[in-house]
Structure formats: structure tokens, C-alpha cells
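Student: What follows is a single structure, and I will ask about it in a moment.
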């Protein structure tokens, strides 16, 4: 097992037990990484329950409920991480806002709601992380942003989500070139359709035939890729969009 001792990871969007972010937290905790996670609109006891679960792996863990659509949320978030655990060297942006919208539904409010979380918060958390990293003169860092493979084909009915998550793919590639000299790798991960909290039986049945492996991706599949990208073994991988979809085809 790969171990990542004496490291602190920030994971956004760990709002429920079945999501990719929760699986990422569990995987990194099992490798000795201290975890600071964010959630939003979760059950009232979720933070305490999940903190305790992660701490059973022998690591420190802190969670907060925070609205990532708030202006300057990057300052509030990183200040809290540093106060509670110390400066993180791993940043994983899993949080996303997603509401179905086609060309008849799309309006300014829908776009803004997606932009605030999917683009503004993700981008500003990344750059604030890098700025503080540089001030501390550190030499090892990881940024991993979750995206959804918008460049691989159309996703009709999700125009606002497509526009904002596609922006993060482009942002990650350009940011990687700026941060390479600091020792920070920046990659994006497209896990493909994942059997997490959003998937209904109807969606699951419609998607299953599109996976040649005979199963739909699980949150743990994405978590394993994230853990690799966060490890020393991935130090030569940066500026990439990793499509880990189990052979999913869109035809």
C-alpha cells in the first residue's frame, strides 16, 4: 500500500456517505493523510460522524459546512484548515453544483449558481493554495480537480454544468504550467458516470450497457486514481485530464 504520511489534504464536497469526495477522504486517510473536508446542506450529524470514521484510520480529521458560492470563500476555507490542522499540501476539488438545464431553461441565475461553485470557488481555492504554498517556500504539492469529460462528447440537458466544468479542465491545464516551477502538480480527473448519490435505478439501468466491463463506476474507482495522483509516484504527471471511465462509450 502506498503511504502518504505527514501530509494534510483538503477535500471539498464531502457532503454524504456515497459520494466521490467521501471515498477520496477514506482512501487518503487509509494512507496516513490527515483530512480536512467540506460539506454543504448535509445531515446535521454528518460532520461529526464522518470525522470520527476517518479518525479511526489513525489520522486527524476536521470537517466544516461551508457555502462555496460565497465570495472569498477560499480565504475562509484555507484559514480554517491552517488553524485546525496546519498547511495542506494536497488540494482536491470535488464539490460541484449541478441542476439540469437545456436551452429552454438556461438563464442568468442558473449560470451564476453553477459558476460561483464550479468555476469561481474552485479556481480561487487553487490559486490561494498556490500563493500560500509559495510564501511558505514548500517544494511538494498536489492539486486535483474533478471534471466530467465535457470535451469527449455532448451532454444535452446540462448546459450550465457543461460550461462550468469544461472551464475547469482548461483552467487546470494552464494552471499546471504556472505552478510546475513551485513543485505543485495540477491535474483533472473525469471519473465518468459514477454510481453515487445522484444516480437513480432508471439512470443506472440506462447506463449499464454503455460499460463494457459490465458494471458502472463506483466512487472508490475515482478515489484510487486521486490517491495515485496525490502520491510521490505521480510526480511526473501534471497538466493532464485523466479519463478514468471504465471504457464507457457515449454512443
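FYI, it's all coordinate maths here, none of it is from the lab. Predicted model only: the values in this text are computed from it and were never measured. When we count neighbours, we look across all protein chains shown, and the Cβ atoms used for this are built from the backbone with ideal geometry, even at glycine.
Student: Report the extension gain between residue 237 and residue 181 in nm, rounded to one decimal, defined as 0.36 nm multiplied by the number of residues separating them, less their alpha carbon distance. Display every interim value, and only then the final one.
Tutor: Working: separation 56, 0.36 × 56 = 20.16 nm, distance 1.36 nm.
Computed gain between residue 237 and residue 181 is 18.8 nm.
Student: Among 243, 97, 249, which comes first, then next, by fewest other beta-carbon atoms within 10 Å?
Tutor: Working: 243 15, 97 21, 249 11.
The most exposed by this proxy come first: 249, 243, 97.
Student: Then there is this: Just from its helices, what would the mean residue ellipticity at 222 nm be for the chain, if runs of 4 or more DSSP H residues each count -39500 (n - 2.57) and the sum is divided by every residue, rounded to the nearest 500 deg cm²/dmol?
Tutor: -11500 deg cm²/dmol
Student: Using 0.36 nm times the number of residues separating residue 198 and residue 134, minus their current alpha carbon distance, what extension gain do you get? Mind showing how you got there, number by number?
Tutor: Numbers: separation 64, 0.36 × 64 = 23.04 nm, distance 3.75 nm.
Once the chain is fully extended between residue 198 and residue 134, it gains 19.3 nm.
Student: What's the angle, to the nearest 10 degrees (0 to 90), between helix 73-84's Cα axis and the longest principal axis of the chain?
Tutor: Its long axis makes an angle of about 40 degrees.
Student: Once you keep just the Cα pairs under 8 angstrom separated by 6 or more residues, what percentage relative contact order results for segment 8-243?
Tutor: Working: 415 pairs, mean separation 50.5, N = 236.
Value for segment 8-243: 21 percent.
Student: When a footprinting reagent is the concern and you count Cβ atoms within 10 Å, what order do 155, 104 take, fewest first?
Tutor: On the way: 155 15, 104 6.
So the ranking, lowest neighbour count to highest, is 104, 155.
Student: Okay, moving on. Counting only DSSP beta bridges with both residues in the chain, what percent are antiparallel, rounded to the nearest 5? Intermediate values should be presented prior to the final figure.
Tutor: Values: 0 of 28 bridges.
Once the DSSP bridges in the chain are tallied, antiparallel ones form about 0 percent.
Student: Which value, in Å to one decimal place, does the Kirkwood hydrodynamic radius take for the chain when every pair of different Cα atoms is included? Could the numbers behind the result be given before it?
Tutor: On the way: mean 1/r = 0.0546 Å⁻¹.
For the chain, inverting the mean 1/r across all distinct Cα pairs yields 18.3 Å.
Student: For residue 104 and residue 71, calculate 0.36 nm times their separation in residues minus their Cα-Cα distance, and state this gained length in nm to one decimal. Display every interim value, and only then the final one.
Tutor: Working: separation 33, 0.36 × 33 = 11.88 nm, distance 2.87 nm.
Taking 0.36 nm per residue and subtracting the Cα distance, the gain is 9.0 nm.
Student: Using the alpha-carbon atoms, what tilt in degrees (0 to 90, nearest 10) does helix 159-179 show relative to the longest principal axis of the chain?
Tutor: Approximately 30 degrees, to the nearest 10.
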